[in-house]
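Participant: Before I ask anything, here is the structure I am working with.
The values are calculated or read from the model by the stated rules, or taken from the named source; none is laboratory data. Worth saying up front: this structure is predicted, and the values here are computed from it rather than measured. Counting neighbours? That spans all protein chains shown, and the Cβs are built from the backbone with ideal geometry, glycine included.
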Amino acid sequence: MANHPRIYVAGHRGLVGSAIVRALHGHHAAGEPEIVTRTHAELELTDQASVRAFFRSERIDEVYLAAARVGGIHANNSYPAEFIYDNMMVQANVVHEAWRAGVRKLLFLGSSCIYPRLAAQPIREEYLMNGMLEPTNEPYAMAKIAGIKLCESYNRQYGTDYRSVMPTNLYGPGDNYHPENSHVIPGLLRRFHEARLNAAPEVVIWGSGKPMREFLYVDDMAAASVHVMNLPRETYAANTDPMHSHINVGTGQDVTIAELARLVGETVGYAGRIAFDASKPDGTPRKLLEVSKLASLGWRASTPLAEGLRRTYAAYLDAHDPDGAREAQRRPLTVET
């Protein structure tokens with residue numbers, strides 16, 4: 001590998017990919033890397049010929065595979081075919097064409113939804129495929145499981161060094177704040193922000209508020225990804241199994257959705273009521289990752305949830321309402337209760 005490795009970050013404009021780009025600068029053992037990126041318009045990752053041409057021409061040393069079609073319960077239920085097809089095609093094309101081009105190191109980013117819906121808590125890496133998946137995101141989960149097995153299969157047959165990390169629920173700067181297709185934290189931040197500005201007396205949250213979730217600040221996830229990628233190969237091999245090679249990434253702590261909603265409301269400065277619509281789906285009852293393997297390899301999360309929410313909301317204001325929202329924050333808010 002060159003002193004200045006060429007690293008392709010697939011999905012560099014997304015939540016995780018953009019954080020990985022931030023993390024890579026100044027944190028690579030082989031010297032300051034040359035980061036290679038392509039927008040969706042520049043490179044369609046579901047098209048094998050385009051991906052093959054890219055790897056043939058770019059002389060890539062390492063790949064961070066953070067490109068994916070992602071979304072919350074509503075998006076997964078509405079577009080199941082797109083979620084399974086797009087993700088499987090992206091993974092297959094990037095992994096296969098990276099191998100064809102001689103790329104020896106790759107990090108695949110999965111998701112904690114790969115685990116059974118009713119997995120014992122906290123969830124250990126070996127619980128993979130030990131039970132039924134959560135129906136509301138099964139197509140996405142199946143694609144991510146296939147991505148893990150794709151990496152493992154190329155390692156076993158071709159001797160590559162393709163690794164997988166499984167993050168818990170992520171949030172942070174650069175997230176998707178679409179009113180219907182976002183994940184829980186960006187969705188709540190937007191709704192509470194708009195409720196505050198409009199002096200809405202109540203915010204209604206989907207579900208009962210009882211499910212428990214673990215949340216990891218995205219820059220922590222990026223730091224963990226770089227840490228795992230840079231582990232010596234023998235260290236990674238000694239702490240994983242060839243057919244169970246993925247590593248959980250999380251905080252080891254979770255909160256109820258109701259507690260999360262309260263924290264988001266406090267972060268935004270919303271003073272109205274918070275209600276729950278139990279007729280809407282809850283999803284998995286609990287999803288807490290067991291993260292002792294990564295801790296034994298020298299990495300732990302460092303950003304508390306309250307601090308991460310504060311940073312995320314600040315980034316949201318910068319991107320979506322830099323003037324009006326800050327002025328609103330300076331004014332006391334009163335609502336009918």
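Participant: Report the residue count in the stretch 184-237 for those that are of a type in the set (S, T, N, Q) and more than 25 Å from GLN121 (Cα to Cα).
Facilitator: Adding up the residues that qualify gives 3.
Participant: Since SER57 meets every condition but one in (1) modelled with pLDDT under 95; (2) small (Gly, Ala, Ser); (3) over 19 Å from the mean Cα position of the chain (by Cα), which condition does it not meet?
Facilitator: Among (1) modelled with pLDDT under 95; (2) small (Gly, Ala, Ser); (3) over 19 Å from the mean Cα position of the chain (by Cα), SER57 violates only (1).
Participant: Taking TYR79, is it among the hydroxyl-bearing types (Ser, Thr, Tyr) and at pLDDT below 95?
Facilitator: In short, yes.
Participant: Which residues, taken from the stretch 98-113, are among the aromatic types (Phe, Trp, Tyr) and part of a strand (DSSP E or B)?
Facilitator: Within the stretch 98-113, just PHE108 meets the criteria.
Participant: Given the conditions (1) surrounded by fewer than 24 Cβ atoms within 10 Å (Cβ to Cβ); (2) closer than 22 Å to LEU45 by Cβ; (3) in contact with a Leu (Cβ under 7 Å, 6 or more places away or on another chain), which single one is not true for TYR79?
Facilitator: Answer for TYR79: the failing condition is (3).
Participant: So if I check each of THR267, THR284, which one is farther than 26 Å from LYS105 by Cα, touching a Phe, Trp or Tyr at 6+ places or on another chain (Cβ under 7 Å) and polar (S, T, N, Q)?
Facilitator: When all the criteria are applied, what remains is THR267.
Participant: Another one. When you scan the stretch 6-97 for helices (runs of 4 or more DSSP H) that lie fully inside it, which ones turn up with 1 or more residues that are under 21 Å from SER225 (Cβ atoms)?
Facilitator: 15-24, 48-58
Participant: Tell me the residue from LEU43, LEU106 that is farther than 20 Å from TYR162 by Cα and free of Cβ contacts under 8 Å to residues at least 60 places away in the same chain, please.
Facilitator: Result: LEU43 is the single residue among LEU43, LEU106 that is farther than 20 Å from TYR162 by Cα and free of Cβ contacts under 8 Å to residues at least 60 places away in the same chain.
Participant: Considering each residue of the stretch 241-273, count those that are of a type in the set (A, V, I, L, M) and assigned to a strand (DSSP E or B), and give that number.
Facilitator: 3
Participant: Follow-up question, since we're still on this one. Are any residues in the stretch 84-114 among the polar types (S, T, N, Q) and more than 19 Å from the chain's Cα centre (by Cα), and if so, which ones?
Facilitator: Result: ASN93, single match.
Participant: Have a look at GLY72, GLY11 and point out the one that is at pLDDT 95 or above and in contact with a Gly (Cβ under 9 Å, 6 or more places away or on another chain).
Facilitator: GLY11
Participant: Would you check which residues across the stretch 282-326 are at pLDDT 95 or above, part of a loop (DSSP other than H, G, I, E, B) and among the polar types (S, T, N, Q) and list them?
Facilitator: SER302, THR303
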